[in-house]
Amino acid sequence: MKDDRPSDASLAGLTVISGLVDAISYVGIGQVFMANMTGNLLILGFAAGDPSKFPLVATAIAVVGFFLGAGLAGRLTDRVANVRRRLLLAMTIETGLFAATMVGSFLLPTTQAGRYPLIVALGLAMGGRNTVVRRLKIPDISTTVVTGTLTNLAADSVLGTGKRTRARRRAGEIVALVLGAWVGVLLLRHFGFNATLVVLTVLMALITALYTWRTSPARAR
């Protein structure tokens, strides 16, 4: 039976994208996460204590955008039963949201308020992705956060049970997120905010194309 779920390589690519997105938002926009909502909720708490040091409005917008994206993706997964169609639709929408962010970065003012629409688009993309991937129920894979993956890796390491259950997958997920964040900061430093968004959009389009090709009915024959 053909498996329509993304390959490990595609999932790793999506995790790299998440690290790249959070680098763009935290470094390029300023102290706000798009994929890591735990960090944003903490920042909201910090901002409540000292609003002069933390971006309360931008962080709140990111959380709302993520929530809306996750909610709409929940409706998508409920209505589209076919895994391939669901993933293709979700990945295409995510690519479109990245493209909209890229275009907006060239057209909108570079003020903090001018970044708010970009935060909304990135939040929608990451919220939607988180729901769709989690509904696949692939162990140790969320493509957006790795706290649970890191916990499981440590618990089953030589320090814990010694079972090393899915150690390679777990370590790969963690490395992919760090790699994305590292690459994102390098791109921002050497090429700037707009160019980094171009790279993000192109990479997401390539991952979507790879999944489309790998799961195409013609190839399965």
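Descriptive notes on the structure:
- Some residue of region 209-219 being open to solvent by less than 30 Å² (accessible area, probe 1.4 Å) and over 15 Å from Pro6 (Cα atoms): no
- Of all residues in region 115-159, exactly one satisfies the criterion of being out of contact with any Leu (no Cβ under 9 Å at 6 or more places or on another chain) and among the acidic types (Asp, Glu), namely Asp156.
- Matching residues, region 92-120, being in contact with a Gly (Cβ under 7 Å, 6 or more places away or on another chain) and crowded, with 22+ Cβ neighbours inside 10 Å: Glu94, Leu118, Ile119
- Taking helices (runs of 4 or more DSSP H) as the structural unit, those lying wholly within region 1-83 and holding at least 1 residues that are acidic (Asp, Glu) and closer than 22 Å to Val146 by Cα correspond to 8-23.
- Residue pairs meeting the criteria (Cβ under 8 Å; at least 6 apart or on separate chains; first farther than 21 Å from Gly13 by Cα, in region 94-120; second among the charged types (D, E, K, R)): Leu108/Arg115
- Some residue of region 83-91 being over 24 Å from Phe193 (Cβ atoms), touching a Lys or Arg at 6+ places or on another chain (Cβ under 6 Å) and in contact (Cβ under 8 Å) with a residue 40 or more places away in the chain: no
- Checking each residue in region 71-91 for being farther than 17 Å from Met204 by Cβ and open to solvent by 50 Å² or more (accessible area, probe 1.4 Å) picks out Leu72, Arg75, Asp78, Arg79, Ala81, Asn82, Arg85.
- Counted residues, region 172-205 - those being loosely packed, with under 15 Cβ neighbours inside 10 Å and without any contact (Cβ under 8 Å) to a residue 24 or more places away in the chain: 7
- Where a residue in region 38-61 is farther than 19 Å from Val27 by Cβ and its partner, wherever it lies, is of a type in the set (Val, Ile, Thr), with Cβ under 6 Å and at least six apart: Leu44/Thr59
- Pairing residues of region 147-171 that are closer than 25 Å to Gly39 by Cβ and in contact (Cβ under 8 Å) with a residue 24 or more places away in the chain with residues that are of a type in the set (A, V, I, L, M, F, W, C) and open to solvent by less than 80 Å² (accessible area, probe 1.4 Å), at Cβ distances under 8 Å and at least 6 apart in sequence or on separate chains, gives Thr149/Ile141; Thr149/Ile174; Leu150/Ile174; Arg169/Ile141; Arg170/Leu153.
The values are calculated or read from the model by the stated rules, or taken from the named source; none is laboratory data. Here the structure is a predicted model, which means the values were calculated and not measured. Note: ideal-geometry Cβ built from the backbone for every residue, glycine included; neighbour counts use all protein chains shown. Just so you know, the surface numbers come from the protein's heavy atoms only, side chains and all, with ligands and any DNA or RNA stripped out. Shrake-Rupley method; radii C 1.70, N 1.55, O 1.52, S 1.80 Å.
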